[in-house]
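Coordinate-derived values only; no laboratory data. Since the model is a prediction, treat every value here as computed from it, not as a measurement. For neighbour counting, all protein chains shown are included, and Cβ atoms are generated from backbone atoms with ideal geometry for every residue, glycine included.
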Amino acid sequence: MRDFVADSLAILPWNLSHAPTGLATRKEDENHVRPHSGFSGATPAGNRHRRRSASWAGACPAQLAITARLGHHNSQRFCPGPEGTSVLGHSQRKDSLVRSQDVLSDIDVVVLAGGLGTRIRGVLGDTPKVLAPIAGRAFLGHLLDQLSASGARRVVLCLGHLADQVTTWLEREESHDDLDLICRTEPQPLGTGGALRHARDELRSDTVLVMNGDTFTDADLHAFVQAHRRSEAEASILCVEVPDASRFGRVEIGPDGRIRRFVEKAPGSGTINAGMYLLSTTFLDRLPATGAISLERDVLEVAPSGTLNAHVIQARFIDIGTPESLAAAASVIIGHSIT
């Protein structure tokens, strides 16, 4: 058992009128290679390590119990490492987060957090992109705050580059323990689609929320889930309208709300992929069985026209993949200018 002290941050009310313009920076992470495309069956496997925490009592330290499961048979005390899979519990936060009807209580969440972050390495050095400090808190902490506010119970973190730093941060710094955090570390760079396939055996719910670990959108996740269920589609993509879509590929949507095609980058305003998806198990099971693949380019963008549902919102959105967007992230997440 070990003590850890968590830092807590109350997310202030979000006001779209204060949102900086031109900050949407959606893209496919630099380390996601594309040697394989198309859909086929998937049978992921790999060792899993889990960690669970005791209850969190306000400002009092919590006791963190760490165990490991090597393969499917042996259990032992575990100190997380770069090859490991770990789980941390998640408590009721004493902050200003408001739960939105616990919409994610029966939906597993996957956070794709294994990117190299090459474009911001000059700013972050050897710090993983998901641990970039934003308004006094790691970026991943802000994402977990949002998921907790929506009632999430199980979150699978797909790790890769500098995974040991992420698991150490979860042990020492993170304050959530009303949900299980399950870390799956890819054995080599697998791309976003390959990382999702690698974590497939951890996913239990019929629908899975998948989100990129380097983007933030102040979306109403309850509305997203309800829209997905009404659509009866195997997959839904959260889309956001931005004033400057020149850094992203646009999403062209039909009158029925289905995606017709993905359009190359071009100047002007437009609707873009916000990097958050609701995927059925049927869809997940058609991921290519081997190789490194991009979820966006090799799976979603090659899906037949009209098969993917789009849920379009107007909201603050940012991807922290460039030095400029990283510097602006605090204002976007907190909801007002940071001086």
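Details
- Ranked by how many other Cβ atoms sit within 10 Å of their own Cβ, fewest first, the residues 222, 176, 161 fall in the order 222, 161, 176.
- Across the range 226-248, the residues whose backbone nitrogen lies under 18 Å from the label position 7 Å along the beta-carbon direction of residue 260 are 237, 239-241.
- Annotation: extensible slack from residue 204 through residue 307 equals 34.7 nm (criterion: 0.36 nm per residue apart, minus Cα-Cα distance).
- Our note on the geometry: Cα centres of the range 320-335 and the range 237-286, 21 Å apart.
- Taking the fewest neighbouring Cβ atoms within 10 Å as the starting point, the ordered list for 282, 290, 215, 322 is 282, 290, 322, 215.
- Residues 271, 217, 281, ranked from the fewest to the most other C-beta atoms within 10 Å, line up as 281, 271, 217.
- In terms of packing, defined here as the mean over residues of other Cβ atoms within 10 angstrom, the peptides 147-154, 311-318 line up highest first as 147-154, 311-318.
- Between residue 252 and residue 105, the contour length at 0.36 nm per residue exceeds the alpha carbon distance by 49.8 nm.
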